[in-house]
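The values are calculated or read from the model by the stated rules, or taken from the named source; none is laboratory data. Bear in mind that the values here come from a model prediction, so they are computed numbers and not experimental data. All Cβ positions, glycine included, derive from the backbone under ideal geometry; neighbour counts span all protein chains shown. For accessibility, only protein heavy atoms count, side chains too; no ligands or nucleic acids. Shrake-Rupley method; radii C 1.70, N 1.55, O 1.52, S 1.80 Å.
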Amino acid sequence: MSNVKLITDPNFDDADAFYAALTDAHRNLTPRDSERVNARLVLLLANHIGDQKILMSALEAATDLEDENS
Amino acid sequence: MLKTYTNPEYAYVPSADQGAPATVHHPVIIIGAGPCGLAAALDLATQGVRSVVLDDNNTVSVGSRAICFSKRTLEILDRYGCAAPMNEKGITWKKGKVFFRNKQIYDFDLLAEEGHKLPAFINLQQYYFEEYMIDRALEFAEIDLRWKSRVSKVEDHTDKTTLTVETPDGSYDLSCDYLLVADGANSGIRDMLGLESKGQEFHDRFLIADVVMKAEFPTERWFWFDPPFHPNQSVLLHKQADNVWRIDFQLGWDADPEEEKKEENIRPRIQQMLGKDVEFELEWASVYTFKCRRMDNFIKNRVVFMGDAAHQVSPFGARGANGGIQAVENLAWKLARVLQGYAPHSLLETYNQERIHGAAENILNSTRATDFITPKNEISRIFRDETLRLAEKFPFARSLVNSGRLSTPCDYASSDLITKTNGSGIQPGFVAKDAPIEMNGEKGWLMDQLGSRFVALINSDGVSADDISALSKISDDLDVLEVSAHKQGPNILDDCDGLIAERYALSAGVVYLIRPDQYVAARFEGPAAADVNAALDKSLGR
Ligand SMILES: Cc1cc2nc3c(=O)[nH]c(=O)nc-3n(C[C@H](O)[C@H](O)[C@H](O)COP(=O)(O)OP(=O)(O)OC[C@H]3O[C@@H](n4cnc5c(N)ncnc54)[C@H](O)[C@@H]3O)c2cc1C
């Protein structure tokens, strides 16, 4: 198992371009299809990463939900 | 309904114990002659320990339940001397197809590793499996099988257990040093002793149908998610012996078991699934709900629980009988050594330790498969369905498709009995691997040389005769097995295909200590008898 950690510092080639592409991809989708696309995206990226430790750190960071109203 | 199989009826023979003036005492009594009770009797017998087996019925499993038996289970049964007929009768398949909605999304071919005596698994109806075990049990003088003998009362004490047996000739009492309980998932004995098996019940029902195909049909495993002929549910089809096909229909929780079991309701569904021209006969149908649960502690005083009574899993991944038999084997060598004075009574506690770990792993795997097949909520269903859609295009997603993972033996790497070392080859706590060998000029298999006693497996090239002799003097419960291309002798084998060297990293002087259950207890890079002796003591909890 590797000792690589989840990268939380900027790592995008082009952050703005990715963000735009992500929101564009969802722009004309129904909420249902958006959910489907997100699910597929997660699966594709997760497989690309592969490393279970990194995936667990990402899950942990993602599920640490802040109160939306605070 | 069964046409391809007739259940044997074993004769009830009154026991001399019944008329005895005082309660007769036995070292070991086993309750239940299902796969696990029978395995316990066979394992003990191969190690010279007598047992009495009590079963309330006088036949094997009525109707088919388990059908998939894994390599490890077959290796264990081979050690008992009954894997050959199973292997011969059983079916092996390599190819499978996965369908989602109205189309096939991918197919696969399981490529088996070469150089093993036994296949990765076989499909065989549970009644055959039990019948062959009984055939073998009847050959052992050490096994006293008593049919139509229902245990109605058990009283446990710190040093012994007493029980009452009901027979066609009335009841009688027995006592024993150790009572092994394998009376099945709804264990009455567990209830009698005020014990519980706790876990999860899946709110789902499954229709299990066995059908006989009239014409040729490919020997493949087919799994459907959400097919048009059975919307929103899953269906599994695979082959057993005698041209009998097992079909599992997921029904959902609201289904009425009695309605679903009726032939007029089953037929159209199967016809839609197989195609309207395929002719078949219905052999057997039954509706089940599944549970994943286990006891917190398999031992109470001198009563030891095994099989479904101790731990139960859903059938996805075929771990019920497989996991059960592997747990029995873990117990049997320990109990034999406690009874023979090689090990303290406390060794039995490690059955709890090692097999609670095994049961937890089996439950985890079965639960994961069940959760994939039956998504728990909307988002789980989206993930499941998108995984299946991606699987059609991308191989990676196929690794996530879980319709049951083949049962593989768990490891005991963290057990107190294992001597941990950092070497290559097979790690301590893992099960030994088979390889072709040549011994006294004859071809054979390594696994046939291991088990039922401790073995020191050593590459003896360049090892002095004194070192070998020191190893062989360690215990009369330990045999030295030399691997050498140069020497000849009764305990010397030739690694003819070089697979022992490869699988065990068995370079000159390397020695493995292998337990009676064929698990690696220790591995040393030099033939130091003192190290092997210490590892043996550790394995026996001394
Ligand atoms: C549909 C289905 C499919 C399955 N598929 C698989 C599979 O593919 N692979 C797999 O490994 N497992 C599978 N299983 C699980 C498997 O059938 C069980 O795990 C296995 O039978 C358990 O064996 P056992 O010896 O613990 O108990 P059982 O087989 O239940 O045997 C218990 C025995 O005890 C006897 N008994 C009960 N009470 C008493 C009493 N008071 N006195 C005397 N005798 C008594 C009973 O008559 C019976 O003979 C499946 C199960 C089902 C239902």
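Where both residues lie in the stretch B:436-539, what percent of DSSP beta bridges are antiparallel, nearest 5? Looking only at bridges with both residues in the stretch B:436-539, the antiparallel portion is about 60 percent. How big is the gap, in Å, between the Cα center of the stretch B:392-441 and the Cα center of the stretch B:457-474? Result: 28 Å between the Cα centres. Sorting B:Arg246, B:Arg269 by solvent-accessible area of protein heavy atoms yields B:Arg269, B:Arg246, largest first, with a 1.4 Å probe. Only helices enter the 222 nm calculation for the protein assembly as shown: every DSSP H run of n ≥ 4 contributes -39,500 (n - 2.57), and dividing by all residues gives -10000 deg cm²/dmol, rounded to 500. Computed from Cα atoms, the angle from the helix A:52-63 axis to the main principal axis of chain A rounds to 50 degrees. The alpha carbon centroids of the stretch A:11-70 and the stretch B:240-280 are separated by 42 Å.
The trypsin sites (Lys or Arg not before Pro) of the stretch B:89-125 that DSSP puts in a loop, and whose beta carbon has at most 16 other beta carbons within 10 Å, are B:Lys94, B:Arg101.
Within straight-line reach of A:Lys53, meaning a Cα separation under 24 Å, sit the following lysines at least 8 residues removed in sequence or on another chain: A:Lys5. Write out the trypsin sites (Lys or Arg not before Pro) in chain A meeting two conditions: DSSP loop, and at most 13 other Cβ atoms within 10 Å of their Cβ. Those that pass, being in a loop and sparsely packed, are A:Lys5.
Only protein heavy atoms count here, probed at 1.4 Å, and on that basis chains B and A bury about 1100 Å² of accessible area in total. Heavy atoms of the protein chains alone define the surface here; on that basis chain B has 40 Å² accessible area per residue at 1.4 Å probe size.
Shielding value for A:40-51 is 3, the average number of Cβ atoms from other chains within 10 Å of each residue's Cβ.
Please give the helix A:31-49 orientation as an angle from the longest Cα principal axis of chain A, in degrees from 0 to 90, rounded to the nearest 10. The angle comes out at about 20 degrees. Spatially, the stretch B:27-66 and the stretch B:129-192 are offset by 8 Å when compared through their Cα centroids.
Taking every DSSP beta bridge that has both residues in chain B, what percent is antiparallel when rounded to the nearest 5? If I count the DSSP bridges inside chain B, around 70 percent turn out antiparallel.
When B:Asp204, B:Asp254 are compared by accessible area of protein heavy atoms, the largest-first order is B:Asp254, B:Asp204, using a 1.4 Å probe. With the charge dipole of the protein assembly as shown set up from +1 on Lys and Arg Cβ and -1 on Asp and Glu Cβ about the Cα centre, the Cα lying farthest toward the positive end among the listed residues A:Ala39, B:Tyr504, B:Thr92 is that of A:Ala39.
State in Å² the accessible area per residue of the stretch A:15-63; use a 1.4 Å probe, count heavy atoms of protein chains only, and round to the nearest integer.
Result: 72 Å² of accessible area for each residue.
Accessible surface for A:Asp16 stands near 120 Å², nearest 10, in the context of the full protein assembly shown (1.4 Å probe). Label separation (B:Asp109 vs B:Asp135): 3.3 nm, computed from points 7 Å beyond Cα along the C-beta direction.
Roughly what % antiparallel, to the nearest 5, for the DSSP beta bridges in the protein assembly as shown? That works out to approximately 70 percent antiparallel.
Shown for the stretch B:355-383: residues covered by the partner protein chains by 30 Å² or more of accessible area relative to the chain by itself (probe radius 1.4 Å), namely B:Ile382, B:Phe383. Applying both filters, DSSP loop and at most 11 other Cβ atoms within 10 Å, to the GluC sites (Glu not before Pro) of the stretch A:38-70 gives A:Glu66, A:Glu68. Overall, the accessible surface of the protein assembly as shown at a probe of 1.4 angstrom is composed of carbon and sulfur to the extent of 50 percent. Ordered from largest to smallest accessible area (heavy atoms of protein chains, 1.4 Å probe), the residues B:Ile105, A:Ile7, B:Ile91 come out as A:Ile7, B:Ile91, B:Ile105.
May I ask you to find the residues of the stretch B:389-411 that are shielded by at least 50 Å² of accessible area once the whole protein assembly is considered instead of their isolated chain (probe 1.4 Å)? Buried by the other chains: B:Leu390, B:Phe396.
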